[in-house]
Amino acid sequence: QHGVQSAGFIKPATPNPARNLKLTVIAFAGIFQVPSQYVNRKENIPPGLSLGEASIGQNHCFIIFFIFDAISLFTSLVVVVVHTSVVVIQSKAKKQLMVVINKILWLACMLVLVAYLALLFVVVGDERWLAIGVIINIVS
């Protein structure tokens, strides 16, 4: 029973698994909830788009969002899987593993930040000054 308690199954010492899952859900929702209209009629397909594709699918900022969000999703999934699959491990090795996991989690957070900032430029459209104002507000 001591091994189970030290592994954190009885009472987790840190809320990292919860943070990891929240980040994964945010990244997952971002990929599947595209803020745009979809091409849904065969007779009105704009040039360069296909049926079922988002209208913003060709936008460079959207492509940046999609790539960074996908990388963040799989990075955070790796963190969740590693965090939940480590059952009993020596404390020194566990500390080293947690350091690596936390760095990977920070990477996933930065990827989500870049993804949603790129999506911000898609949402505001031609009003780039509005997106820049929001970014300055977030940074300060």
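If you sort Arg128, Arg41 by accessible surface, 1.4 Å probe, largest first, the order is Arg41, Arg128.
In square nanometres and to one decimal, what's the mean projected area of the convex hull around the Cα atoms of the range 59-139? Display every interim value, and only then the final one.
On the way: hull surface 24.5 nm².
That works out to 6.1 nm², a quarter of the Cα hull's surface.
When each of the peptides 74-86, 110-122, 93-105, 44-56 is scored by the mean number of other C-beta atoms lying within 10 Å of its residues, the order from highest to lowest reads 110-122, 74-86, 93-105, 44-56. In the full protein context, the range 59-139 carries 64 Å² of accessible surface per residue, based on a 1.4 Å probe and ignoring ligands, DNA and RNA. Remark: the range 126-139, residue by residue, has Karplus-estimated 3J(HN,Hα) of 6, 7, 4, 4, 5, 5, 5, x, 5, 4, 4, 5, 5, 5 Hz, where x stands for each Gly or Pro and the curve is 6.51 cos²θ - 1.76 cosθ + 1.60 at θ = phi - 60°.
Using a Förster distance of 30 angstrom, determine the FRET efficiency expected from the C-beta separation of Leu49 and Phe28, and round it to 0.05. Once the sixth-power term is evaluated, E becomes 0.75.
The values are calculated or read from the model by the stated rules, or taken from the named source; none is laboratory data. No experiment lies behind these values; they were computed from the predicted model shown. Every residue, glycine among them, receives a Cβ derived from its backbone with ideal geometry; neighbour counts consider all protein chains shown. Side chains are part of the model used for accessible areas, which takes the heavy atoms of the whole protein and leaves out ligands, DNA and RNA. Shrake-Rupley method; radii C 1.70, N 1.55, O 1.52, S 1.80 Å.
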